[in-house]
Amino acid sequence: MDAYELITRNADEVVTEDEVRELADDPEGKRVYVGYEPSGVLHIGHLLTANKLIDCQEAGMEVVVLLADVHAYLNGKGTFEEIRETAERMRAQFLAYGLDEERTEFVYGSDYQFDDEYTLDLHELELSTTLNRARRAMAEIKSGEAAKVSHVVYPLMQALDIEYLDLDLAVGGLDQRKVHMLAREGLPELDYDVRPAIHTPIIADLETGEGKMSSSEGTTISMADSAEDLREKINSAFCPPTRDPEGDLENPVLELFEYHVFPRFESVTVERPDEYGGDVTYESYEALASDLESGDLHPADAKSTLAASLDELIAPGRERLEALREE
């Protein structure tokens, strides 16, 4: 797999392909980032973009993780002291999950977002951005919550972070697309270069296959989950043996195999009694998905294998969390 394929595999969108191809021609030392608001234990959404950062490291890039403490403060996630404590736990979890410590730079937003130059650039961006444009880039407001000025400033800061972290590539979930488009429009107004972006997919709701898996609503998967938790959650997951003919539903079990398991394991072995076909090893996601749809792989066998694979991935982070609690 060449650098471009590695950097972009499993991406939902690449903006733009030409820009990322140029980057992939000489990836050594180039800087890629994801920003995370310190808000608790890492969950499946964090880990999906973390997988992409690991891909970029394997391609030769340097990783920057923004622990966005100022963003978290603007979003009402606690005092700076509380947010910093959460951020340090998240840092330990990311490293336990597989990011290379020697090639990963962790940066607090407060390290530079209070500087005069940043503040003046933020005001310049506020002057050149209409309120309607800023509102379109805002994160979704929860039902019953009133939008605040901080919610509008938040995406402007995200756009400016791309410049101040000296980045070559921005990574985020598909829900970050509007922010990255805002950056492409707004940064040239400040005489800064635009950067390409890669957007990872959104995993469907685990129990219904609809919408998206959310850490605030419904069932999600996190580094705090025990092996038993994972088995229970995956066993109850929506996993139809055939695809939805209407195309309205996704199969979250297959999505987890595609975006979380196969990027991290060279092969996956489904253990079955001989009377049910015996053990079978899959070296690609496509082969596993094909067998599930054809009926050669039973959903229950797929689920048990998925639970075991996810447990292997998150166990180091879970152990690190437990050690931090004991300190």
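The values are calculated or read from the model by the stated rules, or taken from the named source; none is laboratory data. Because the structure is predicted, anything quoted here is derived from the model rather than measured. We place every Cβ from the backbone using ideal geometry, glycine too, and count neighbours over all the protein chains shown.
Do we have Glu88 as under 21 Å from the mean Cα position of the chain (by Cα), assigned by TED's automatic domain parsing to the domain that holds Leu165, of a type in the set (Asp, Glu) and assigned to a helix (DSSP H, G or I) here?
Working: under 21 Å from the mean Cα position of the chain (by Cα): yes; assigned by TED's automatic domain parsing to the domain that holds Leu165: yes; of a type in the set (Asp, Glu): yes; assigned to a helix (DSSP H, G or I): yes.
Yes: the conditions hold for Glu88.
So that you can scan it fast, the table gives a plain yes or no per residue for (1) outside any strand (DSSP E or B); (2) buried (at least 16 other Cβ atoms within 10 Å of the Cβ); (3) not small (Gly, Ala, Ser):
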| residue | (1), (2), (3) |
| --- | --- |
| Glu163 | yes, yes, yes |
| Gly172 | no, yes, no |
| His180 | yes, yes, yes |
| Glu185 | yes, no, yes |
| Glu189 | yes, no, yes |
| Tyr192 | yes, yes, yes |
| Ala204 | yes, yes, no |
| Gly211 | yes, no, no |
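Note on the stretch 271-299: among residues that are touching a residue at least 12 places away in the same chain (Cβ under 8 Å) and small (Gly, Ala, Ser), the one that is nearest to Ile54 (Cα to Cα) is Ser284.
Scanning the stretch 171-199 for residues that are farther than 15 Å from Pro155 by Cα and not aliphatic (A, V, I, L, M) yields a total of 8.
Inspect the stretch 138-149 for any residue being surrounded by 12 or more Cβ atoms within 10 Å (Cβ to Cβ) and assigned to a helix (DSSP H, G or I) and give the result as yes or no. No; the residues of the stretch 138-149 include none that is surrounded by 12 or more Cβ atoms within 10 Å (Cβ to Cβ) and assigned to a helix (DSSP H, G or I). Among the candidates Glu228, Glu217, Glu210, single out the residue that is at pLDDT 90 or above and over 16 Å from the mean Cα position of the chain (by Cα). Among Glu228, Glu217, Glu210, only Glu228 is at pLDDT 90 or above and over 16 Å from the mean Cα position of the chain (by Cα).
Scan the stretch 234-246 and tell me whether some residue there is of a type in the set (D, E, K, R), at pLDDT 95 or above and more than 17 Å from Gly45 (Cα to Cα).
No, every residue in the stretch 234-246 fails to be of a type in the set (D, E, K, R), at pLDDT 95 or above and more than 17 Å from Gly45 (Cα to Cα).
Has the stretch 105-121 got at least one residue that is within 29 Å of Arg9 (Cα to Cα), modelled with pLDDT of 95 or more and in a helix (DSSP H, G or I)? Yes, some residue in the stretch 105-121 is within 29 Å of Arg9 (Cα to Cα), modelled with pLDDT of 95 or more and in a helix (DSSP H, G or I). Does Ser309 satisfy being surrounded by 18 or more Cβ atoms within 10 Å (Cβ to Cβ) and of a type in the set (Gly, Ala, Ser)? Spelling it out, Ser309 is indeed surrounded by 18 or more Cβ atoms within 10 Å (Cβ to Cβ) and of a type in the set (Gly, Ala, Ser). Just so you know, in the stretch 1-20 the residues that are without any contact (Cβ under 8 Å) to a residue 24 or more places away in the chain and not aromatic (Phe, Trp, Tyr) include one that is farthest from Ile54 (Cα to Cα), and it is Asp18. Is at least one residue of the stretch 80-96 surrounded by fewer than 22 Cβ atoms within 10 Å (Cβ to Cβ), over 20 Å from Arg320 (Cβ atoms) and among the hydroxyl-bearing types (Ser, Thr, Tyr)? The answer is no, given that none of the residues of the stretch 80-96 is surrounded by fewer than 22 Cβ atoms within 10 Å (Cβ to Cβ), over 20 Å from Arg320 (Cβ atoms) and among the hydroxyl-bearing types (Ser, Thr, Tyr). Assessment of the stretch 267-278 against the conditions (surrounded by fewer than 18 Cβ atoms within 10 Å (Cβ to Cβ), within 27 Å of the chain's Cα centre (by Cα) and over 20 Å from Pro240 (Cα atoms)) yields at least one matching residue.
Select from the stretch 265-301 the residues that are outside any helix (DSSP H, G or I) and in contact with a helix residue (DSSP H, G or I) (Cβ under 7 Å, 6 or more places away or on another chain) and list them in ascending order.
First, pick out the residues of the stretch 265-301 that are outside any helix (DSSP H, G or I): 265-273, 277-284, 295-298.
Passing the criteria: Phe265, Val268, Val270, Arg272, Tyr282, Leu297.
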